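Laboratory data are not the source of any read-out in this text; all were calculated from the coordinates shown. It should be emphasised that the depicted structure is a prediction, and the values quoted were computed from it without experimental measurement. Here the Cβ positions follow ideal geometry from the backbone for every residue, glycine too, while neighbour counts run over all protein chains shown.
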Amino acid sequence: SFMSDIWSFGCVLLELCTGYQPYHGQDNHALCAQMETESPLDYAKRKFKSSEMDLIMNHRDLHDILRRCFIQDERKRPKAETIMREEFFKNNVVTWV
């Protein structure tokens, strides 16, 4: 669904910011259980070095975008249009014309 695409977008964004896949270090069986109890962002904040989280932790807007992408109830996740209107993307993303 489009809302699972938002979760996936958050995963890609998290990996671009940290250099690690979400739930880095978990095996496939543990991964499903981990997703039920902890968002990829919370896992990263707990497991990754602070230097690996600098970009996310120093940009409140980026942190908030990731947090909202990983809302467990997919009906409460923002739509792509909403995310792309965020100040973070207006100020930090090059657009091609």
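Once Lys and Arg get +1 and Asp and Glu get -1 on their Cβ, which of Pro78, Leu31, Ala44 lies farthest toward the positive end of the dipole of the chain? So the residue furthest toward the plus end is Pro78. The C-alpha atoms of the chain define a longest principal axis, and helix 60-69 lies at about 60 degrees to it. Taking a ≥ b ≥ c as the square roots of the eigenvalues of the Cα gyration tensor, the chain is classed as oblate, since a/c reaches at least 1.5 and a/b does not exceed b/c. Annotation: extensible slack from Asp5 through Gln72 equals 22.8 nm (criterion: 0.36 nm per residue apart, minus Cα-Cα distance). Computed over neighbours whose Cβ is under 13 Å from that of Glu86, the net charge equals +2, Lys and Arg +1, Asp and Glu -1. Can you return the lysines within cross-link range of Lys79? Criterion is Cα-Cα under 21 Å, with same-chain partners fewer than 8 residues away left out. Output for Lys79: Lys90. Extension gain, Thr37-Met84: 0.36 nm per intervening residue step, less the Cα-Cα distance, totals 14.2 nm.
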